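Report on the structure given below.
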Amino acid sequence: MIVFAPPPGYARVRFVANQNDIISRLIRLDSRGGVSHVEAVMPNGTIIAALRATGVTRCLPDYDKVSTLQIVVDIKMTASQLMSWNEFLVSALGRPYDTAALAGFLFLANFHRQHALICSALITDALRHSGRYPVKLAQAYQDINPVVALLMLQAQPGDSIIIHPTEYSGK
């Protein structure tokens, strides 16, 4: 599944799931939701994602050959918010994936590794750095799963968020 660059004045996030991947299934089972991964789409169309195999990395727009579901969300931001959003995401490149926090979801424990990120922590932290969430959140970033991140965005005022229709790949 491919996703395009965000429109001017918006940050774009992409939520996905893979029906055929056991980890994706476990995340969806644990969160009781339809998505298992979230990533940021940059203004040039590349994607910054926290991936199990590589940590936080930049990917080509068509890198994802396995997702079976996609939800694209556009978040209206001021120029300074967008700059902070983009700068934070670029600064996170190279950070390791927080496999321990992922295990914590499954065992209801806090196994978070400092300076490591899971996908939803990356996006939530980027939203905090952009100023979209100016108040302290009730959950630590590593405890927020992709479903909770999607719900946080869905709860925003209607004119500041565009949630595009869910797409299915038919795989």
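The values are calculated or read from the model by the stated rules, or taken from the named source; none is laboratory data. Values in this document were obtained by computation on a predicted structure and should not be read as measured data. Every residue, glycine as well, gets a Cβ built from its backbone with ideal geometry; the counts of neighbours run over all protein chains shown.
Just one residue in the set Ala149, Ala138 is out of contact with any strand residue (DSSP E or B) (no Cβ under 9 Å at 6 or more places or on another chain) and modelled with pLDDT of 75 or more; that residue is Ala138. Can you find a residue in the stretch 94-110 that is at pLDDT 80 or above, over 23 Å from Thr54 (Cβ atoms), surrounded by fewer than 18 Cβ atoms within 10 Å (Cβ to Cβ) and β-branched (Val, Ile, Thr)? No, every residue in the stretch 94-110 fails to be at pLDDT 80 or above, over 23 Å from Thr54 (Cβ atoms), surrounded by fewer than 18 Cβ atoms within 10 Å (Cβ to Cβ) and β-branched (Val, Ile, Thr).
Listed here are the residues, each with its yes/no results for (1) among the aromatic types (Phe, Trp, Tyr); (2) assigned to a loop (DSSP other than H, G, I, E, B); (3) in contact with a Lys or Arg (Cβ under 9 Å, 6 or more places away or on another chain); (4) surrounded by 23 or more Cβ atoms within 10 Å (Cβ to Cβ).
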| position | (1), (2), (3), (4) |
| --- | --- |
| Gln114 | no, yes, no, no |
| Ser120 | no, no, no, yes |
| Asp125 | no, no, no, no |
| Arg132 | no, yes, no, no |
| Gln139 | no, yes, no, no |
| Met152 | no, no, no, no |
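Applying a threshold of 8 Å to beta carbon distances and a minimum spacing of six or more residues, or different chains, the list of pairs starting in the stretch 43-61 at a residue that is charged (D, E, K, R) and ending at one that is assigned to a loop (DSSP other than H, G, I, E, B) reads Arg58/Met42; Arg58/Thr46; Arg58/Leu93. Within the stretch 51-88, being under 15 Å from Leu122 (Cβ atoms), buried (at least 17 other Cβ atoms within 10 Å of the Cβ) and among the hydroxyl-bearing types (Ser, Thr, Tyr) holds for Thr57, Ser84.
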